[in-house]
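The numbers here are math on the coordinates, done by the rules we state, and not lab data. Keep in mind that this is a model prediction, so the values were computed, not measured. We place every Cβ from the backbone using ideal geometry, glycine too, and count neighbours over all the protein chains shown.
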Amino acid sequence: MKLAPSILSADFADLAAEVDRVTEAADLLHVDVMDGHFVPNLTIGPVVVSAPRKRTELFLDCHLMIDNPAVLIDDFADAGADRCIVHIELGDPRPLFDELRSRNVGVGLVLNPETAIDAVLPYLGDIDLLLVMSVNPGWGGQGFIPEVLDKVRVARTVIDERGLDVEIEIDGGINVDTAPAAAEAGVDILVAGSAVFGAPDPRAAAHAIRDAAEAVSTR
Ligand code: DX5
Ligand code: ZN
């Protein structure tokens, strides 16, 4: 099981130290990019991707909650993003995939809690990562929506049956209590923001979440 701390819940006044705090326990870092349009909240952009890029070798995964990712993909690539995850709710993602591949940036596709799994199935052969949102995007610290696990199970079955090299990630409300159910449903990567950076010891919290998941899953 992989764990991706979400820096959205980190202390931005001390971002480098926050990254250092979780580096030993993290498999990758999750960066939540919000534009105030696709979601009401406004967070960070390529400038704040380039900052941790200079400080860490960790894989930087950028979750783009923005209306027009096409205009920023070059900037994220230049900033050192290892992968960009785009929302299916924006429409046909294939042009974005082409753009990302041309810049040698990994390709992720994400769906919101109310979006049916059928919407992403046609693209599974084109992506590296499928992200299933387990909260409505916009803020950290929300409660986990367990119903989305049905979509994880469907995706797990299809990916395994087709022998695809696609990881399944879940994002929102993941902590020691919810991680086991997500693991059982078949996820490969857990994103956790507030449960990691809101804890007194973020590194220990990250280990505890992964351990809780690995107790029920061999992934
Ligand atoms: C929500 C973001 C999440 C968020 C998760 O829109 O996509 O990545 O940081 O935060 P927690 O783990 O606190 O739910
Ligand atoms: Zn996210």
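Just a few scattered comments:
- For segment 1-78 versus segment 109-135, the spacing of their alpha-carbon centroids is 20 Å.
- Computed over segment 108-219, the alpha-carbon pair-distance distribution with 5 angstrom bins reads 2, 13, 24, 24, 19, 12, 5, 1, 0, each value a whole percent.
- Reduced Cα scattering model of segment 1-152, Debye log10 I(q)/I(0), q = 0.09, 0.12 Å⁻¹: -0.26, -0.48
- Rounded to the nearest 500, the helix-only mean residue ellipticity at 222 nm of the chain stands at -9500 deg cm²/dmol, with each DSSP H run of n ≥ 4 adding -39,500 (n - 2.57).
- Largest to smallest principal axis extent of the C-alpha atoms in segment 78-152, angstrom: 36, 28, 18
- Ascending count of other beta-carbon atoms within 10 Å, so fewest first, for 196, 120, 132: 120, 132, 196
- Pairs of C-alpha atoms in segment 170-216 farther apart than 15 Å represent 31 percent of all such pairs.
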